[in-house]
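K.L.:
Input: one structure, supplied below.
The values are calculated or read from the model by the stated rules, or taken from the named source; none is laboratory data. Quick caveat: nothing in here was measured; it's all calculated off a predicted structure. Note that we place each Cβ from the backbone using ideal geometry, even for glycine, and neighbour counts take in every protein chain shown.
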Amino acid sequence: MTIDSEGIVTKRSPRSVGETVSRLTRLIEDRSLTLFAVIDHSGAAKGVGMEMPDTKLVIFGSPAAGTPVMLASPLAALDLPLKVLVRADPDGNVSISYNSPSYLATRYHLTDDLRSHIEPIESITDATVAASP
């Protein structure tokens, strides 16, 4: 796992992009969260005659958890619902990336209580990239 200077967490996945997205969406459903969308960036690129490595953006959250965050800091709606980027690099290595909860909490001046509303992204992404099923 790495966290860059912009607060982006990146974790390596042992699976393909498709398998990683499937596992992530299953975990989202298992935790009774709302899956808002899966955006196929590489598919859209292909649609306009361009190629890029397999890249998907998974957008999910919990209105019960996210709404208090957005009420306290309306601009947090720019980053909510939560997003996980699943992508292959040119060598075929797959990773997932997302904004760290601490980065979002600092960016939007969230209290510890409100930060706890967005922290489940850590355990969901850990489970997504875990070696065991």
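K.L.:
What strands (runs of 3 or more DSSP E), lying completely within region 34-121, carry at least 3 residues that are crowded, with 19+ Cβ neighbours inside 10 Å and in contact with a strand residue (DSSP E or B) (Cβ under 6 Å, 6 or more places away or on another chain)?
P.N.:
Because the criterion is at least 3 residues that are crowded, with 19+ Cβ neighbours inside 10 Å and in contact with a strand residue (DSSP E or B) (Cβ under 6 Å, 6 or more places away or on another chain), the strands (runs of 3 or more DSSP E) in region 34-121 that meet it are 55-61, 82-88, 94-99.
K.L.:
Let me ask you something else. With the checklist (1) outside any loop (DSSP other than H, G, I, E, B); (2) more than 15 Å from residue 122 (Cβ to Cβ) in hand, flag the one item residue 15 doesn't pass.
P.N.:
Tallying (1) outside any loop (DSSP other than H, G, I, E, B); (2) more than 15 Å from residue 122 (Cβ to Cβ), residue 15 fails exactly one: (1).
K.L.:
How many residues are closer than 26 Å to residue 95 by Cα and β-branched (Val, Ile, Thr) when one looks only at region 50-79?
P.N.:
Number satisfying all stated conditions: 3.
K.L.:
Next up: Looking at region 106-133 only, could you name the residues that are out of contact with any helix residue (DSSP H, G or I) (no Cβ under 7 Å at 6 or more places or on another chain) and aliphatic (A, V, I, L, M)?
P.N.:
129, 130, 131
The rows are residues; the columns are (1) more than 24 Å from residue 2 (Cα to Cα); (2) at pLDDT 95 or above.
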| residue | (1), (2) |
| --- | --- |
| 29 | yes, yes |
| 44 | yes, no |
| 50 | yes, yes |
| 56 | no, yes |
| 64 | yes, yes |
| 67 | yes, yes |
| 88 | no, yes |
| 105 | no, yes |
| 123 | no, yes |
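K.L.:
Could you grab me the full set of residues in region 28-72 that are in contact with a Pro (Cβ under 7 Å, 6 or more places away or on another chain), hydroxyl-bearing (Ser, Thr, Tyr) and free of Cβ contacts under 8 Å to residues at least 40 places away in the same chain?
P.N.:
Residue satisfying the conditions is 42 alone.
K.L.:
Which condition breaks for residue 16 when tested against (1) under 15 Å from residue 119 (Cα atoms); (2) in contact with an Asp or Glu (Cβ under 8 Å, 6 or more places away or on another chain); (3) not hydrophobic (A, V, I, L, M, F, W, C)?
P.N.:
Residue 16 satisfies every listed condition except (1).
K.L.:
Would you please list the contacts, defined by Cβ atoms under 8 Å and residues six or more apart or on different chains, that run from a residue in region 101-122 that is hydroxyl-bearing (Ser, Thr, Tyr) to a residue that is part of a loop (DSSP other than H, G, I, E, B)?
P.N.:
Sorted first by the residue in region 101-122, then by its partner, the pairs are 102/7; 103/6; 103/7; 106/7; 108/73; 108/79.
K.L.:
Could you list, in sequence order, the residues of region 90-103 that are closer than 16 Å to residue 19 by Cβ, more than 8 Å from the chain's Cα centre (by Cα) and modelled with pLDDT of 95 or more?
P.N.:
Across region 90-103, the qualifying residues are 93, 94, 95.
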